[in-house]
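Notes to accompany the following structure.
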Amino acid sequence: MPSFAAARDFLLAHREDWALAYAEFRWPEKVPFNWALDWFDGVLATDPGTRERTALHIVDTATGGEVRLSFAALAKRSNRLANRLRRLGLGRGDRILLLLGNVPELWETMLAAAKLGAVVIPATTLLTAEDLADRIERGRARAVVTSPEHAGKIGSAAAIRIATGDAPPPGWHAYDDGSRDGNFAPDGPTLPDDPLLLYFTSGTTARPKLVVHSHYSYPVGHLSTMYWLGLRPGDVHLNISSPGWAKHAWSSFFAPWNAAATVFIVNQPHFGAEALLDVIAAHRVTSLCAPPTVWRMLAQLDLTQWRIGLRELCGAGEPLNPEIIACFRSAWGLTIRDGYGQTETTAQIGNPPGQALKPGSMGRPLPGYRIHLLDEEDAPAAEGEICLGLDADRPGGLMLGYEGVDAHGHRLFHTGDVAMVDDDGYLTFVGRRDDVFKSSDYRISPFELESVLVEHPTVVEAAVVPFPDALRLSVPKAYVILTASAAPDRETALAIFRHSRAHLAPYKRIRRLEFVSDLPKTISGKIRRAQLRRTGASGVEFVEADFAELRG
């Protein structure tokens, strides 16, 4: 089996030859390995070719301020913090809730905890005091690292409370105790299955579960993510994602640094598409990964007005609509490459650079992942649930498991997502298993219908759920957010119904339409279709059958 460096170098060498990379890639040997000490410090921060290269570059659009830290500087700063945490009584296996925005201390704490052998529980600053209390209790967090502005939400739940800044609140320890010791000595080897991260899922349908990742599954596992993103050494990579969610660790931590690329961050008090593109152009960002919401907002601009240095565009979080992809291809000559993964895994499926893309497809399995589409009886199917083997073909990027859930004896990991595969092996996302529904005995994917709806010029966002129907069991109902210039009236509804009829098969047509001002979402931005199914939303509703113009 190859070492981490050998496996990484193999993927970099074959970044545009998917067939060869997929056939011949092997996950590194599972031996004692501490990514923060052995790779970040041992290679990136010491090699003459990388040690002074910018590892982290943060730009604040409100103040115009910038922070640049080299690999060598981050290694020393995280070593000082690791020593500080040890002096406060934290050690291997202790759990630390990390509640910070995109500030240098976030990256320092992630590295320091990994060096120490502690377990990080990332949390978004949008969480309420009640949410945080739940995470501290169920995550068994012994310590919290946060900023003074969020300290009030923590209370006294954690035994060790650490605040950044110059003046920690009463009862809190200072993040920096003034020590300049930039050396750190671990207390022993780090085993591949030692826990490193504990993530709470976004909870689209139920109470968030606790996902446990190891020192192997995320640092090493994100070799697949590096490959999908198409990162090269020296790249400047911007990932638009909030701290606290797995995608932040994917593309703002492990994948770029696996490639020896710069993590580039743009902090905005309120998202501004024009300001974002200004920064991307000014700093010659080479790689951009963003969720569909951001791509849609950028697509509203005249993209040709920006002289960009981008080479790679990627989308993740939910599948991207083909018309948005076409918009960027026309303006910049670049194609947004879709990818798929979960909090429980690294990137599983994607369109890596240099491969033929198919409209609507999220690509093919990435190196190291053997994907199984299975029906309800766990039999192979052309359309089925995405599953991963837990035996010989277990991927390196799969979590250790859900905390408190015994997976012993299971042969498969069920993702809960449904996809279909074509004759060339390309997979197309159908929807969450719980979101796909039947109408007149036909299976309907909400995402497919939503993709058609957002093509209408008045529609900003849409969510489709089943609505009970005596004849068809259920019919598709759409909750729609309109553009500011569109009126939520009968004329607009008629136009959207006609659009639905023109672009969807009869059994898929939208039968009910409700205009709303917002949609229920998780904190990470995913639509809660389960909530819409249960309680609906408050808006202006129209029924297709009531329109005489559509009869006959």
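Assuming charge only on the beta carbon of Lys and Arg (+1) and of Asp and Glu (-1), the dipole of the range 284-401 about its Cα centre is about 980 debye to the nearest 20. Can you tell me, using C-alpha contacts under 8 Å and at least 6 residues apart, the relative contact order of the chain as a whole percent? Result for the chain is 11 percent. Near Arg509, once Lys and Arg are set to +1 and Asp and Glu to -1 for all other residues with Cβ below 13 Å from its Cβ, the sum equals +4. Across the range 131-204, Cα-Cα distances exceeding 19 Å account for 53% of all pairs.
Lys-Lys pairs in the chain that are eight or more residues apart or on separate chains and whose Cα atoms lie under 19 Å of each other come to 12.
Across all directions, the average projected area of the convex hull around the alpha carbons of the range 68-175 is 6.2 nm². Probe radius 1.4 Å, ligands and nucleic acids ignored: give me the carbon and sulfur share of the accessible area of the range 169-256 as a rounded percent. The value for the range 169-256 is 56 percent carbon and sulfur by accessible area. Our Cα-only numbers for the range 195-312 put the radius of gyration and Dmax at 15.6, 47 Å.
Kirkwood hydrodynamic radius computed over the chain comes to 24.6 Å, based on all pairs of distinct alpha carbons.
Note on the chain: dipole from Cβ charges, positive end direction compared against Phe328, Pro353, Leu191; the farthest Cα belongs to Leu191.
Dividing the Cα radius of gyration of the range 304-362 by its Kirkwood radius returns 0.99 for Rg/Rh.
Among His410, Leu482, Leu277, whose Cα lies farthest out toward the positive end of the dipole of the chain, if unit charges sit on the beta carbon of Lys, Arg (+1) and Asp, Glu (-1)? Final value for the positive-end residue is Leu277. A simple spin-label model places pseudo-atoms 7 Å from Cα toward Cβ; at Asp181 and Glu377 they are separated by 6.5 nm. Ordered from longest to shortest, the equivalent ellipsoid semi-axes for the range 197-262 are 24, 13, 9 Å, each the square root of 5 times a Cα gyration tensor eigenvalue. Label separation (Val460 vs Arg433): 3.5 nm, computed from points 7 Å beyond Cα along the C-beta direction. Kirkwood Rh, the range 472-552, all Cα pairs: how many Å? Radius from the Kirkwood sum: 13.7 Å. Beta bridges per DSSP, both residues in the chain: antiparallel share near 60 percent. Working ranking of peptides 488-500, 254-266, 443-455, 176-188 by packing, defined as the average number of other Cβ atoms within 10 Å per residue, highest first, is 254-266, 443-455, 488-500, 176-188.
Taking Cβ separations below 4.7 Å as the criterion for a possible disulfide partner, the isolated cysteines in the chain are Cys327, Cys387. Spatially, the range 10-84 and the range 534-552 are offset by 53 Å when compared through their Cα centroids.
Of the solvent-accessible surface of the range 260-343, computed with a 1.4 Å probe over protein heavy atoms with every protein chain present, carbon and sulfur atoms account for 50 percent. Here the relative contact order of the range 41-138, from alpha carbon pairs under 8 Å that lie six or more residues apart, stands at 22 percent. Across the range 280-297, coupling constants 3J(HN,Hα) worked out from phi with the 6.51/-1.76/1.60 Karplus curve, θ = phi - 60°, read 4, 5, 5, 9, 6, 4, 9, 9, 10, 10, 8, x, x, 4, 5, 4, 5, 5 Hz, and Gly and Pro carry x. Accessible area per residue for the range 149-307 is 37 Å², calculated with a 1.4 Å probe on protein heavy atoms, without ligands, DNA or RNA.
The values are calculated or read from the model by the stated rules, or taken from the named source; none is laboratory data. What you see is a predicted model; the values in this text were computed from it and never measured. Every residue, glycine among them, receives a Cβ derived from its backbone with ideal geometry; neighbour counts consider all protein chains shown. Just the protein is used for accessible areas: all its heavy atoms, side chains included, with ligands, DNA and RNA removed. Shrake-Rupley method; radii C 1.70, N 1.55, O 1.52, S 1.80 Å.
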